[in-house]
Amino acid sequence: MQKKITAILILFILMAGLPGFSKCGGPSLSESKRISDSLEYERSLETEYAKEFTVDYYKDGYVLLTTVADEKRFLVIPEGKEVPSDLAEDIVLIHRPVCNVYLVASAVMDMFRGLDAMDTIRFSGQKQDSWYIKEAVELMESGDIVYAGKYSK
């Protein structure tokens, strides 16, 4: 389940950069928005159906993703921006642009294809002959996506 949530978070990070996608601001249920003295909280994403994560936006393009079940936090650092020096140690850093993704959830590949973001995937948890998505097969044939083995091994 944790692997699926991580795959969804990575997909959301990519989607958050699309024009018009981040215009869904609204109040958040999170208790504390302050994660650094150098980051200014702007707004939270109000989700209608997604209940397993929260998204908080900070000035200058920083985005904090938090899983609800285990409260893991991921801070997306915009390209060319500095990592705040006073972040809590539990916050995982994700630097944009996101690339070299290890994709293990086969259903998510179609989402990456639909977002025209397959160029961000470098490693696959499925072998070439297991893919039903033509573009994934072609990228594996060309060596742009490499089979990296099952995540459980």
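Can you tell me the length gained on complete extension of the stretch Q128 to E46, counting 0.36 nm per residue apart and subtracting the Cα distance?
Length gained, Q128 through E46: 25.7 nm.
For region 42-153, state the average projected area of the convex hull of the C-alpha atoms over all orientations, rounded to one decimal in nm².
For region 42-153, averaging the hull's shadow over all directions gives 9.0 nm².
Can you check what the net charge comes to around I94, using other residues whose Cβ is under 13 Å from the Cβ of I94 (Lys, Arg +1; Asp, Glu -1)?
Within the 13 Å Cβ shell, the charges total +3.
Can you pull out the chymotrypsin sites (Phe, Trp or Tyr not before Pro) in region 37-83 whose DSSP state is coil and whose Cβ has at most 13 other Cβ atoms within 10 Å?
Hits after loop and neighbour filter: Y49.
Out of residues 5 or more away from S44 or on other chains, whose amide H comes under 5 Å of its own, with H placed 1.01 Å from N in the peptide plane?
G26, S28, Y57
If R0 is 30 Å, what FRET efficiency do you get for L93 and E138 from their C-beta distance, rounded to 0.05?
Using R0 = 30 Å, I get an efficiency of 0.40.
Could you report region 23-153's accessible area per residue, 1.4 Å probe, as an integer in Å²?
63 Å²
Summing Lys, Arg as +1 and Asp, Glu as -1, what charge do residues with Cβ under 10 Å from the Cβ of F112 carry, F112 excluded?
Net charge around F112: -3.
What would the Debye formula give as log10 I(q)/I(0) at q = 0.15, 0.19, 0.25, 0.29 Å⁻¹ for the alpha-carbon point model of region 92-148, no solvent?
Scattering profile of region 92-148, log10 relative to I(0): -0.37, -0.59, -1.01, -1.33.
The values are calculated or read from the model by the stated rules, or taken from the named source; none is laboratory data. This one's a predicted model, so the numbers in the text were calculated from it and none came from an experiment. In this analysis, Cβ positions are derived from the backbone assuming ideal geometry, glycine residues included, and neighbour counts consider all displayed protein chains. What goes into the accessible areas is simple: the full protein's heavy atoms, side chains included, and nothing from ligands, DNA or RNA. Shrake-Rupley method; radii C 1.70, N 1.55, O 1.52, S 1.80 Å.
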